1. Choose one answer from ARG54, ARG176, ARG196: the residue with the largest mean-square fluctuation in a GNM of the chain with alpha-carbon springs under 10 Å.
2. Could you pull out every residue, at least 5 positions away or on a different chain, whose amide H is within less than 5 Å of the one on GLY143? Hs are placed 1.01 Å off N in the peptide plane, and Pro or chain starts have none.
3. On a full-extension model of 0.36 nm per residue, what is the gain between ARG69 and ARG102, subtracting their alpha-carbon distance, rounded to one decimal in nm?
4. Cα gyration tensor of the chain, axes a ≥ b ≥ c as square roots of the eigenvalues: rounded (a/c below 1.5), prolate (a/b > b/c) or oblate?
5. Mind checking which of ASN58, ASN34, ASN86 has the largest fluctuation in a GNM of the chain, springs on alpha carbons under 10 Å?
6. Calculate the dipole size of the chain relative to its Cα centre from +1 charges on Lys and Arg beta carbons and -1 charges on Asp and Glu beta carbons; express the result in debye to the nearest 20.
7. Counting each DSSP H run of 4 or more residues in the chain as -39500 (n - 2.57), what helix-only mean residue ellipticity at 222 nm follows after dividing by all residues, to the nearest 500 deg cm²/dmol?
8. What distance in nm lies between label points placed 7 Å from Cα along the C-beta direction at ALA214 and TRP5?
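Read-outs throughout are calculated quantities, based only on the coordinates presented, and are distinct from any laboratory measurement. Owing to the predicted nature of the structure, the values given are computational and were not obtained by experimental measurement. Cβ atoms come from the backbone with ideal geometry, glycine included; neighbour counts cover every protein chain shown.
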Amino acid sequence: MVLIWPALGLVAIVAVMFLLERRFPDAVGRFEENVLAILLAAITFVSFTQVVARYGFNSGWGGALEFTRILFAWMILFGMSYGVKNGIHLGVDAFIRLLPSRLFKAVAIFGAVCVFLYAFILLYAGWMTLVGADVSTNWRQTGAIGYWTFMFDRGTGLDDLRYPLWMQEAFGLQDRVQRWVAYLMLPVGLALLAFRALQGVVGIARGERDLIIAGHEAEDLVAENKDALKE
């Protein structure tokens, strides 16, 4: 029962993403790109200002390293699903391209299913007990949902990242930023990855895409630019 509300929240996020994408696909794509761009820009800005502050003024922000590390993790976790959606994850497809078309399609679907299972196991491994797997029965150790919920209940703070004083005074917040805030993207990112993997399974089955990876992008680039030198 402890994990029901976080799980329902993830289902709601995925459902909203699915419905919005069906109606406004371009807007959802721009939103995902903007999130990744903002995260990367924030990492760059904080890192640059830290260098200037440290070597120019012998000063700096004590929580900068932890902050940029969290942003980098967010960018990776959010970018996983974006990469699957757009087929930009690098992969090797030299062997499966030699297979007959039906077998190639079956292998491609199998790969997408494996990505879904990978994300789902990391999200919540407790379901594997239903198929006889020997996993921890402690909800805290069954995956990202349990771990995030555990951190939310405890309210443990991060090592260096702190709320500004005005936020502490205005909202009665504790000194250090809670770990559950930093770890929020862990279950969200895995849920989106599982969602995009399922989309990949459906897309491959319908013939709308070949794979969920970009295994032959170099070949495509060569083909596209073979006459570039002539021009």
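1. Largest GNM mean-square fluctuation: ARG54.
2. Residues meeting the amide H criterion: ALA125.
3. Contour length minus Cα-Cα distance gives 7.5 nm.
4. Because a/c hits 1.5 or more and a/b fails to exceed b/c, the chain counts as oblate.
5. Highest fluctuation of the listed residues: ASN58.
6. Using Cβ point charges on Lys, Arg, Asp and Glu, the chain gives about 380 debye.
7. Value at 222 nm, helices only: -22000 deg cm²/dmol.
8. 4.1 nm
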